[in-house]
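Inspection log for the structure reproduced underneath, given as structure tokens.
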Amino acid sequence: MWDITLAFVGVAIVIGWSLWWWNELWYVVPLKGRCSKLGAKLPPGHMGLPFLGEKLVFFWYFNILRHPDDFINFKRRKYGDNVGIYRSHLYKSPIIIACSQTIIKRVAQSSEEFILEWPTREVLGPHSISSLHGDHHKRIKRFIFNALNSPESVRRIALLVQRHIAAALQSWAQKGRVKIFYEMKKVSFVYLGKYIASFEAGPELDTLEQLISGLSKGHRAHPRKIPGTAYDHALQCRKRVIAIFMAELEKRRSGGNNKNDIMDQLMQMKDGQGDHLSDEEVVDNIITMIYFSAHSMAHIAAWSLYFLYKFPHTLQKLRDENMKMSMEKHGEYITGEDVSKLNYTNKVVKETLRLSGISSFFFRTATDDINLEGYMIPKGWKVLLFVRYIQTDSENYEDPLSFNPDRWDVHLKKRCPQVPSTLPQCMQCLAKKIPQRCKRVRVRCFPQIASHAIKAYLEGVTLVQMLGLQYAWLLTPRSTQYANLIENLPTWTKFKCCQLENPQHHKSSPESRYIPWWNIVLQLLSPQYT
């Protein structure tokens, strides 16, 4: 009997050892010779289990604990604080995880050595700007920026955004309690549908919203074409979205009427050789624009409401600044030039973007064996740039997990590669028709700033400006702990919204920050907010 038990134990140990070291033997050992030739070594880490890699660990920190930064902290504790680069196996591929500011900057700026390539590129399409690299990427980027970043286009989207957000806030105040993430996503789809393809609110746009939502769930999922998985469902949704836009393209060609929207501009533009975009290129990039813009705005809205409620002194300062602007403009909508004048509002939005991490990470693929800071990045391996970790690292920011818009008044401990800090200046340049160098950011406005980021920033400023002027709100008990910073955190957040009769004299209650989570629902019935 003991012999059989010992035999089973021995077999279990051998199987466990084999599973634990299989990926290391399969991927790492064959690279020893190439490392010696390059004079570098592989980054520290572990490749995980066969087929799964470190997927279960990744899932544990991101989806169960909802502390994504602890995934990096775990590796730092195990392999050293000053490494900043680790090997792993995720998304069906051997992968290098970069969380050091220096390494992320080097990889992001080396477009020839590290090409842009998402593991789930089929979801947004092979012609999407997020799936391309080299000359093809540059060609598509020129088309998109010419269509989206003209002063007329920015003025048009600014007007659409403000009209729809104003109407949405009034509607939410009447409903009383809403789920902000989903409601804001609906609002975004309405004006994006109008702006990009002249779609009016109705059943077709509602269907498109549902399909894009299904597509989004598979964009960051592990790419396994197994029926019932998020990735497989996303591919099915993509087929239906393509059918909708292809039908619209055919209708426009047969009808001959010009709707002067983004779809028309992409259809009519020509490159330097006189060539138009193909139908597939137009459709893939329209899907990309809608996907990124709608989700960016929904995340900014949810986090803005959360932070402004938790920090009433910030809300009061924002309200004071926007009241002054409103009186100067006599209640008219703000313009792109006005955005740059709202100094404190800009700081609130930048701090929200820093903490919310709209895009936690993105991918590159090494085109050759590359020596990076003494570590070898093998050819064909993916590099996951964990950019959100930079924004919450104490080496870059003092007290990084605190919401402090005033931190933008002082020089940062280290100069971090941040998109948010450039956006107010670029909005001003676009409004003034000045595609020139911004003195503060030292980059050309048009080619360097992602168009959806500019729209998301404008939308964020618009939302917090209107909220600060006219509304008060409360979060429900299901709003989560502030420390759990993950990009989909506030999707559950519900809030009670009411319009202020005299916003100029409304003062945020200092006690509101001390309301226990379990008492917030009762506070909704307080006459102070009705």
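Quick notes
- Sequence-distant residues sharing a close amide H with His89 (under 5 Å, placed H): Glu54, Ile95
- Considering the stretch 191-286 at the alpha-carbon level, its Rg and Dmax are found to be 15.1, 45 Å.
- Percentage, to the nearest whole number, of Cα pairs in the stretch 243-317 over 17 Å apart: 60 percent
- Exposure ranking of Leu49, Leu467 by accessible area [1.4 Å probe, largest first]: Leu49, Leu467
- Note on exposure: His137, His299 ranked by accessible area (1.4 Å probe, complete protein assembly) read His137, His299, with the most exposed listed first.
- Estimated FRET transfer efficiency when R0 is 30 angstrom, pair Tyr333-His67 (beta carbons, to 0.05): 0.15
- Rough spin-label spacing in nm, given labels placed 7 Å along Cα→Cβ, for Lys41 and His313: 4.8 nm
- Remark: the stretch 13-119 carries 53 Å² of accessible area per residue (probe radius 1.4 Å; ligands, DNA and RNA excluded).
- Per residue, in Å², the accessible surface of the stretch 275-423 once ligands and nucleic acids are set aside, probe 1.4 Å: 35 Å²
- All other residues whose Cβ lies under 13 angstrom from that of Leu31 are scored, Lys and Arg at +1 and Asp and Glu at -1, for a net of +4.
- Estimated translational D of the stretch 236-375 in µm²/s (Stokes, Kirkwood radius over Cα pairs; 37 °C; 0.692 mPa s): 166 µm²/s
- Amide hydrogen proximity for Leu372: with H placed 1.01 Å from N in the peptide plane, the residues at 5 or more positions away or on another chain lying under 5 Å are Ile377.
- Accessible area of the stretch 172-230 belonging to carbon and sulfur atoms, whole % at 1.4 Å probe: 52 percent
- Values of log10 I(q)/I(0), in the order q = 0.14, 0.24, 0.26, 0.27 Å⁻¹, for the stretch 332-383 under a Debye, Cα-only, solvent-free model: -0.63, -0.91, -0.97, -1.00
The values are calculated or read from the model by the stated rules, or taken from the named source; none is laboratory data. Since the model is a prediction, treat every value here as computed from it, not as a measurement. Glycine gets a Cβ as well: all are built from the backbone with ideal geometry, and neighbour counts include every protein chain shown. Heavy atoms of the whole protein, side chains included, go into the accessibility calculation; ligands, DNA and RNA do not. Shrake-Rupley method; radii C 1.70, N 1.55, O 1.52, S 1.80 Å.
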